[in-house]
Amino acid sequence: MGRLPTIAAVDETARHLRLLTETIAAVNSTLDLEEVLALVAHEVADALGADACFVYLYDEQANELVLRATFGTRVEEMTGRPRMRPGEGITGTAAAARSPVMIAAQAHLDERFKAFPNLREDEYESILAVPILARERLEGALNVRTREPREFSTAEIDLLVAIASQVAQTIEHAKLYAQAQRRVVELEALSKISEAVSESLYLEESLEGIVEATVEALGATGAALVLEDGEVVWPEGQAGEHAVRVPLRWKGRQVGELVCDRDTPFTADDRALLASIASHAAVALEHGRAVLRGVLAQEIHHRVKNNLQTVASLLRLQARAEDVDARKALDDSVNRILAIAAVHEVLTERRDDDVELDELLDRLRAMLVQGLGASKRVEASLEPVSLAGNRATALALVFSELLQNALEHGGESVRVELARRDGDVVLAIADDGSGVDGEPVSGTGLSIVRALVADELGGTLSLESSGGLRAEVVFPA
């Protein structure tokens, strides 16, 4: 007949069973991985009556055990998380051997002990380390520590092994839950990016939405898109300790890069998400450029059509004039067409709707002086003034007519002035010729000027003959 267990042994077994049940119930109260690990550290230390507990998770990709939770102590923020490979340190030895390791005293003097500068483990005497296994698959390892020497009993070792075995299942479920949550975040991020790409009519807004969604989805400190010419568009946030550059590819060609910064390392899942974002960014970039090219082509077509209509109107007006020298009429028409072309050139170079008048008038001045072969001195005082493209065309024609008249009929010098005055733009062209007796009332050029100033610019034209002729055009800015 076998020997019956003592009452004390029965009581200890019952207590261990209760501790096991309570620990697993507490750990299973949540699926959040960080909460699970914190509960494991707390409940295991409490169940074993230990002063501290350290919980490591196994990173299969890096083949490292990473400290994820502690109880009874803290990790000083000197370096990153403590890491060790299976087989390193006492806890790593337990993980590699798939069996418990117990040292009753002076554990920090053991040859297998691995010290971390931000983890003060030398204040503990004993250690009991066990692997965390889920169906023989390594999920991590944990250890309990005491400040006083302690010989853990076989029953206590068995209890910790049993707790670790049950905890392994909980950790596995929490990891799956974390992956599912991460996938939801990724899908939400890609959904936001798709909306930014599809809903915005402007390329800049699409790119801005992509960068902002990247920062939010990756918990990044900053992100930016870099185009193939090196231009950085929509930088967001600031640089971090770690950076990833993902190429933007369109039909086998790299059209830019997505740069993302963070203070923590990027995982394989992070990189996969960035690759998906980069794919969307490449599509947005190329589609946006295609739309821009289409809009630009339409705008150029519209401007060319309007310019041709203006040329036709000028030629019809010239054709109605009587007693006009044919060569002179052709030369005047050429200068008018060149003036229109100069405006078109400036608009195309700037890819903007506004024209800088000082730049435009300076070009026209040089063109007319060279074209007429004039040896006269032309001085210019041109203040920076911006004007919409359609009004700039009218002003270019006005300027060309007035300057041509001054070069042909004025004295030895001509002065051109462009300035702002009380909310108006003032263009004045003066020469030192003989002037005229009274205000001229006829002439094709003057008719064109009067019509353009009144109808297109909404301004006034005044001619003053005193020591030469001064033509002044004033119109609202």
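Structure notes:
- Of the listed requirements (1) over 17 Å from V474 (Cβ atoms); (2) modelled with pLDDT of 85 or more; (3) of a type in the set (A, V, I, L, M); (4) surrounded by fewer than 21 Cβ atoms within 10 Å (Cβ to Cβ), A428 misses just one: (1).
- Residue within segment 23-31 that is in contact with a Phe, Trp or Tyr (Cβ under 7 Å, 6 or more places away or on another chain) and either open to solvent by less than 70 Å² (accessible area, probe 1.4 Å) or at pLDDT 70 or above (or both) present: yes
- Positions within segment 431-443 being modelled with pLDDT under 80 and open to solvent by less than 30 Å² (accessible area, probe 1.4 Å), in sequence order: G433, G435
- Residue list for segment 72-99, filter: modelled with pLDDT of 90 or more, in contact with a helix residue (DSSP H, G or I) (Cβ under 7 Å, 6 or more places away or on another chain) and either more than 20 Å from S126 (Cα to Cα) or buried (at least 16 other Cβ atoms within 10 Å of the Cβ) (or both): M84, R85, P86, I90
- Residue check for L457: modelled with pLDDT of 80 or more and open to solvent by less than 50 Å² (accessible area, probe 1.4 Å): yes
- Hits in segment 138-187 (condition: among the basic types (K, R) and open to solvent by less than 40 Å² (accessible area, probe 1.4 Å)): R145
- Wholly within segment 98-177, strands (runs of 3 or more DSSP E) carrying at least 1 residues that are in contact (Cβ under 8 Å) with a residue 24 or more places away in the chain, under 23 Å from E60 (Cβ atoms) and acidic (D, E): 137-146
- Selection status of L258, surrounded by 16 or more Cβ atoms within 10 Å (Cβ to Cβ) and modelled with pLDDT of 85 or more: yes
- Candidates L368, L361: the one that is at pLDDT below 80, under 21 Å from D431 (Cβ atoms), open to solvent by less than 60 Å² (accessible area, probe 1.4 Å) and part of a helix (DSSP H, G or I) is L368.
- Counted residues, segment 58-69 - those being open to solvent by less than 50 Å² (accessible area, probe 1.4 Å), in contact with a helix residue (DSSP H, G or I) (Cβ under 8 Å, 6 or more places away or on another chain) and at pLDDT below 90: 1
The values are calculated or read from the model by the stated rules, or taken from the named source; none is laboratory data. Because the structure is a prediction, the values reported are computed rather than measured. Ideal geometry is used to build each Cβ from the backbone, glycine not excepted, and the neighbour counts take in all protein chains shown. Please note that ligands, DNA and RNA were not included when accessible areas were found on the heavy atoms of the full protein model with its side chains. Shrake-Rupley method; radii C 1.70, N 1.55, O 1.52, S 1.80 Å.
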